[in-house]
Amino acid sequence: MIRIDHIGIAVRELGTSNELFHKLLGEAHYKIEAVESEHVSTSFFKIGESKIELLEASDPESPIAKFIEKRGEGIHHIAFEVEDILAEIKRLEADGFVPLNREPKRGADNKLVVFFHPKSSGGVLVELCQSLETMD
Ligand code: ZN
């Protein structure tokens, strides 16, 4: 694993939370992106090498809507950047971690992503991501 790419935070309303995190981090978000496959709108803040990803549900079927219903706003996942996502999936699966999707899918920020079930990783929803720009 290369680094913590970002921390994903579930929010009720992107506009309000963008303002809050702007104040907190001292800098505004640098982009907003809808991810249709996950039924979310996201916004990104840069902090050095890492990012904060705010996630707002775009419809009631969104995993973020369900998360907020159960637990309220808060940290949703931690994303690690990897060099070879397929090799990392294999490595983690062999060690008993349970992927939520077997095939990496297209996530926000021009990345291939896979999520691992929090039950297999100490209650933390883990995302692996590989930048598509670094793929040949
Ligand atoms: Zn993420």
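Here are the numbers for the structure shown:
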{"quantity": "Failed item in (1) of a type in the set (A, V, I, L, M); (2) at pLDDT 95 or above; (3) outside any helix (DSSP H, G or I); (4) closer than 20 Å to L132 by Cβ, with I89 passing the rest", "calculated": "(3)"}
{"quantity": "Subset of the stretch 43-69 [charged (D, E, K, R), within 19 Å of F116 (Cα to Cα) and away from the ligand (no atom under 13 Å from the Cβ)]", "calculated": "K66"}
{"quantity": "Meets criteria (touching a residue at least 12 places away in the same chain (Cβ under 8 Å), under 17 Å from M1 (Cα atoms) and outside any strand (DSSP E or B)) for V124", "calculated": "yes"}
{"quantity": "Residue that is farthest from L14 (Cα to Cα) [pool: residues in the stretch 79-98 that are open to solvent by less than 50 Å² (accessible area, probe 1.4 Å) and within 15 Å of the ligand (Cβ to nearest atom)]", "calculated": "I85"}
{"quantity": "Residue among E73, E127 that alone is more than 13 Å from the ligand (Cβ to nearest atom) and not hydrophobic (A, V, I, L, M, F, W, C)", "calculated": "E73"}
{"quantity": "Selection within the stretch 18-50 - touching an Asp or Glu at 6+ places or on another chain (Cβ under 9 Å), under 19 Å from E73 (Cα atoms) and among the polar types (S, T, N, Q)", "calculated": "S41, T42, S43"}
{"quantity": "Positions within the stretch 40-61 being out of contact with any His (no Cβ under 9 Å at 6 or more places or on another chain) and buried (at least 18 other Cβ atoms within 10 Å of the Cβ), in sequence order", "calculated": "V40, S41, T42, E56"}
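The values are calculated or read from the model by the stated rules, or taken from the named source; none is laboratory data. This is a predicted model, so every value here is computed, not measured. FYI the Cβ positions are ideal-geometry reconstructions off the backbone, even for glycines, and counts take in every protein chain you see. Heads up: the accessible areas ignore ligands, DNA and RNA and are worked out on the full protein's heavy atoms, side chains in. Shrake-Rupley method; radii C 1.70, N 1.55, O 1.52, S 1.80 Å.
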